[in-house]
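What follows is a short report on a single structure.
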Amino acid sequence: MIDALVEGQAGSHAWIKELKDNDRVHGHYLAKEKKVGQTKKGDPFLSITLSDRTGDIEARVWDNALQFSSLFKEGDILDVRGQTGSYKGQIQLTLTGLKVSEAEDPALFMETTPCDITEMMTALKGLIKKVKDVHLRNLSERFLSDHAFVEQFKKCPAAKNFHHNYIGGLLEHTLSVCKMAVQVSGQYPDLDGDLLMAGAFLHDIGKIKEFKYSTWVDYTDEGRLIGHVILGVAMLDEKLAAMKKFPEETALRLKHLILSHHGEYEFGSPKRPKFLEAFALHMVDDLDAKMNGIARFMEKDAKEGSWTDFNRMFERYLLKGGIAAPSADEERYPAPVEDERQGVLFRE
């Protein structure tokens, strides 16, 4: 049997998501990560995470690993040759050759939001116009009338890895959080809907300075040293400095919304939520991030069957397909279940 040669040339890029077992591959991919390891015999091998906009694949170089490693750095575009194989239910690529390539079309490597950016911006501006508090509305509109800010805001990803990590992701995430802010405010009348809306709009603005992106998403120096939460407060302070009559209490509450929206210290939150709107913002922000991140993990998972590969973030396997009907024996003799209260096995 002669294996198919999967070419990755202009117009016929071999998308990582579509690679199958025993494909011979020649194409251009982003070197997202590289590591040098050792076999059981002590021989060096090179592990590379190759990427395009459909996903990642682990590639290995077994021969001359150190020489190949010296040819490129993380973030380079590589012209690679190799053959795929299956290992523990996952497709891997064994490389026989690689070299650094000239810059390729960024669209090969960076995903873009599936939503229309212009329509999302229009929808966001429409929500801001409904804010009744004149100070909060004017503050938000100062950001929206800042051309440089808007150009970055509507293109920036919302994260490096987990959720909305694509062009337009920050806008998509922010609009979703703002829409949920409207719903939550309607459900809980004790909430200040205008304050929650302003916080929903501004909570992640620092990400336009935290991330850089061309062929992949990475942190800027500011992002690594300061982070988007503190950067966001600094951007807010800059706008507030030009608004002499802005109420001090409202400004303080807005800053707290930004500083506490990650919820807990272990999740990078300098402060934990300390009033109702802060709790609400944290929860809707967390919900939107998790729904997007989990759905994308399931979509990109290459493992066969109804269950995904093990998700390290959530420390579990995730059901992505249908539930198989139990066999006759399983129905008659159900598997024992551990009683978490007593630590014993029993049958339900």
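The values are calculated or read from the model by the stated rules, or taken from the named source; none is laboratory data. Nothing here was measured: the structure is a model prediction, and the numbers come from that model. Methodologically, a virtual Cβ is constructed for each residue, glycine included, from the backbone with ideal geometry; neighbour enumeration extends over all protein chains shown.
Considering segment 253-277 alone, what residues qualify as being surrounded by 15 or more Cβ atoms within 10 Å (Cβ to Cβ) and among the acidic types (Asp, Glu)?
Result: Glu277, single match.
When residues of segment 129-149 are filtered for being β-branched (Val, Ile, Thr) and surrounded by 17 or more Cβ atoms within 10 Å (Cβ to Cβ), how many remain?
1
I'd like to verify a number: residues in segment 278-298 that are polar (S, T, N, Q) and buried (at least 22 other Cβ atoms within 10 Å of the Cβ), how many? Walk me through how you get there before you give the answer.
The initial filter retains those residues of segment 278-298 that are polar (S, T, N, Q), namely 292.
Next, from what is left, pick out any that are buried (at least 22 other Cβ atoms within 10 Å of the Cβ): none.
Here the count works out to 0.
Hey, can you tell me all the residues within segment 65-99 that are in contact with a Lys or Arg (Cβ under 7 Å, 6 or more places away or on another chain) and small (Gly, Ala, Ser)?
Within segment 65-99, Ser69, Gly89, Gly97 qualify.
Quick one: Gly55 ticks every box in (1) over 26 Å from Lys154 (Cα atoms); (2) touching a helix residue (DSSP H, G or I) at 6+ places or on another chain (Cβ under 7 Å) bar one, so which box is it?
Here Gly55 meets the rest and fails (1).
So, of the residues in segment 90-115 that are among the acidic types (Asp, Glu) and either modelled with pLDDT of 95 or more or surrounded by 18 or more Cβ atoms within 10 Å (Cβ to Cβ) (or both), which turns out to be nearest to Asn311 (Cα to Cα)?
Our first condition is that a residue be among the acidic types (Asp, Glu); within segment 90-115, this holds for 102, 104-105, 111.
Retained after the next criterion (residues that are either modelled with pLDDT of 95 or more or surrounded by 18 or more Cβ atoms within 10 Å (Cβ to Cβ) (or both)): 104, 111.
Details: Glu104: 31, Glu111: 21 Å.
Within segment 90-115, the match that is nearest to Asn311 (Cα to Cα) is Glu111.
Given the residues Leu93, Leu124, which is the only one that is touching a residue at least 24 places away in the same chain (Cβ under 8 Å) and either in a strand (DSSP E or B) or in the same structural domain as Glu18 (by TED's automatic domain parsing) (or both)?
After applying the criteria, what remains is Leu93.
Among the numbered conditions (1) out of contact with any helix residue (DSSP H, G or I) (no Cβ under 8 Å at 6 or more places or on another chain); (2) outside any loop (DSSP other than H, G, I, E, B); (3) surrounded by 18 or more Cβ atoms within 10 Å (Cβ to Cβ), tell me where Gly85 comes up short.
Gly85 satisfies every listed condition except (3).
Could you look through segment 74-94, keep only residues that are closer than 18 Å to His13 by Cα and acidic (Asp, Glu), and pick out the one that is nearest to the chain's Cα centre (by Cα)?
In this case the residue turns out to be Asp76.
Kindly provide the set of residues from segment 13-43 that are assigned to a strand (DSSP E or B), in contact with a Phe, Trp or Tyr (Cβ under 9 Å, 6 or more places away or on another chain) and surrounded by fewer than 16 Cβ atoms within 10 Å (Cβ to Cβ), ordered by number.
Answer for segment 13-43, where residues must be assigned to a strand (DSSP E or B), in contact with a Phe, Trp or Tyr (Cβ under 9 Å, 6 or more places away or on another chain) and surrounded by fewer than 16 Cβ atoms within 10 Å (Cβ to Cβ): Val36, Gly37, Gln38.
Exactly one condition in (1) touching a Phe, Trp or Tyr at 6+ places or on another chain (Cβ under 6 Å); (2) part of a loop (DSSP other than H, G, I, E, B) is not met by Ser140; state its number.
Condition (2) is where Ser140 drops out.
Could you list all residues from segment 272-321 that are touching a Leu at 6+ places or on another chain (Cβ under 8 Å), of a type in the set (Gly, Ala, Ser) and part of a loop (DSSP other than H, G, I, E, B)?
Ser306
When residues of segment 218-227 are filtered for being touching a strand residue (DSSP E or B) at 6+ places or on another chain (Cβ under 8 Å) and assigned to a helix (DSSP H, G or I), how many remain? Walk me through how you get there before you give the answer.
The first filter runs over segment 218-227 and keeps only residues touching a strand residue (DSSP E or B) at 6+ places or on another chain (Cβ under 8 Å), leaving 218-220, 223.
Restricting the remaining residues to those that are assigned to a helix (DSSP H, G or I) gives 223.
The total comes to 1.
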